[in-house]
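Colleague: Handing you a structure now.
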Amino acid sequence: MIPVKQNAMYRFLMVLTISSTVGLQAWMTLFNNFAVEQVNLTGEQVGMIQSVREIPGFLTFLAVFVMMVIKEHRLSAISILLLGTGLALTGLFPSYAGLMVTTVVMSFGFHYYETTNQSLTLQYFDKNTSPMVFGKLRSIAAASNIGIGILIFIISSFLDFKSIYLTIGGLVMVAGMWAFTRNPVNKNIVPQHKKMIFRKKYWLYYFLTFMAGARRQIFMAFAVLLLVRKFGFTVQEVTALFVVNNLINYFLSPMVGRCIIRFGERKVLSLEYFSLILIFLAYAAVNSKILVSLLYILDHIFFNFAIAIRTFFQKIGDPKDIAPSMAVGFTINHIAAVFLPALGGVLWMVDYRIPFVAGAGLSLISLMAVQKIRIPAAT
């Protein structure tokens, strides 16, 4: 087995993961200010763009058909190039329609890279190594988040929106073009099915993936809203929490990978969902600014535990099913994004506690489901 750091695919994915993280975080950091200050969008228009941004995630199953004509590592390079292109063009089209189109381009690039990233990691690293690789890549992404935040803070004092978008988008595009000069392929890797795969024996993977997507939507849609609405967090305080989260994840993400290797997916996921039950219930009851900050940080940490869902699939799935199954799984993960924020928003208007109690209920169901995880004995 080639050491991870000497593995050509690891270096390939590391560069593209940094690029993907930088591109998405730059978009998220600049979007609201650009939309309001430069494009003069209404709240309804901003919400529509945010909804449309999730559509490419829902359509990642189409990557299976793209890979019929484009090799998977090439699709990764194209995805990063698309992400960079969408970001670079954003400042050149300061209109509702322009922002809508560039957002879709950026989002297709991000979501399709995330799909191929997961697939290539599971294909190129064995069952005892992939959790560590996922953890390392998450750690690198956390560091990249901090780095791009500092860069934007510095250059925003002397560059306008158009120049910032062009600069960062251009850098991401360069990384995508660099990837076209690489050939990290190992010819001994099992060839992947070039068709949609949806098998009954993978039902638990599909279910856990859907539930993880639902939990993610509750966190993203309502946790920060709670901080701002109930506790009056300022932009600076939310930003400080963001930095703390990424600093912690930089160090903890590799540890999550090691825990999966040592204790197994069932125990790690059981810890996650048991903890989430308590966290979501605490969100609904807490009245302390310090405690809600701690909950937010803990909640964010548990994002990393989703690695175990993918490594669980690696242990039960046919090696030929990895690429199409990761594409289908990414689509399933985004189903909740279509309806859950809107439904949760309605429930929030009745009582802000309801979405969090619902999140605790989803976590309880997930906790019961992960008890069904059975890993076949190694042969």
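Any read-out appearing in this document is the output of simple, stated calculations on the displayed coordinates, not a laboratory observation. Please read all numbers here as calculations on a predicted model, not as lab measurements. For neighbour counting, all protein chains shown are included, and Cβ atoms are generated from backbone atoms with ideal geometry for every residue, glycine included.
Colleague: How high is the relative contact order of the range 265-379, given as a whole-number percent (alpha carbon pairs under 8 Å, six or more residues apart)?
Modeller: 53
Colleague: Please list log₁₀ I(q)/I(0) at q = 0.14, 0.16, 0.21, 0.23 Å⁻¹ for the range 1-94, using the Debye equation with identical point scatterers on the alpha-carbon positions.
Modeller: These q points yield log10 I(q)/I(0) values of -0.68, -0.83, -1.16, -1.26.
Colleague: Going Cα to Cα from residue 127, which aspartates and glutamates come in below 18 Å? Please leave out same-chain ones fewer than 8 positions away.
Modeller: Answer for residue 127, where 18 Å is the Cα cut-off: 265, 318, 321, listed by chain and number.
Colleague: Still on this structure, I have one more. Quick one: Debye curve from the C-alpha atoms of the range 1-181, no solvent, what's log10 I(q)/I(0) at q = 0.16 Å⁻¹?
Modeller: Per q value, in the given order, log10 I(q)/I(0) is -0.96.
Colleague: Ignoring everything except DSSP H segments at least 4 long, calculate the 222 nm mean residue ellipticity for the chain; use -39,500 (n - 2.57) per segment, divide by total residues, nearest 500.
Modeller: Counting only the DSSP helices, I get -25000 deg cm²/dmol.
Colleague: Whole percent per 5 Å bin, from 0 to the bin with the longest distance: what is P(r) over all C-alpha pairs of the range 80-157?
Modeller: Calculated P(r), rounded to whole percents: 3, 14, 14, 18, 20, 14, 9, 5, 3, 1.
Colleague: Could you tell me the ratio Rg/Rh of the range 192-379? Both radii from Cα atoms, Rh via Kirkwood.
Modeller: 0.99
Colleague: Please find, in a Gaussian network model of the chain (springs between Cα atoms separated by less than 10 Å), the residue of 169, 57, 91 whose mean-square fluctuation is greatest.
Modeller: 91
Colleague: Structure shown: which of 187/372; 136/200; 162/289; 187/315 lie over 29 Å apart, alpha-carbon to alpha-carbon?
Modeller: Where the Cα-Cα span goes over 29 Å, the pairs concerned are 187/372; 136/200; 162/289.
Colleague: Which of the listed residues, 335, 64, 371, is farthest toward the dipole's positive end in the chain, when Lys, Arg count +1 and Asp, Glu count -1 at the beta-carbon?
Modeller: The listed residue farthest towards the positive side: 371.
Colleague: Compute the distance from the alpha-carbon center of the range 28-67 to that of the range 320-353, in whole Å.
Modeller: When both Cα centres are located, 15 Å separates them.
Colleague: Working from the alpha-carbon coordinates of the chain, get Rg over Rh, Rh being the Kirkwood radius.
Modeller: Rounded to two decimals, Rg over Rh is 0.95.
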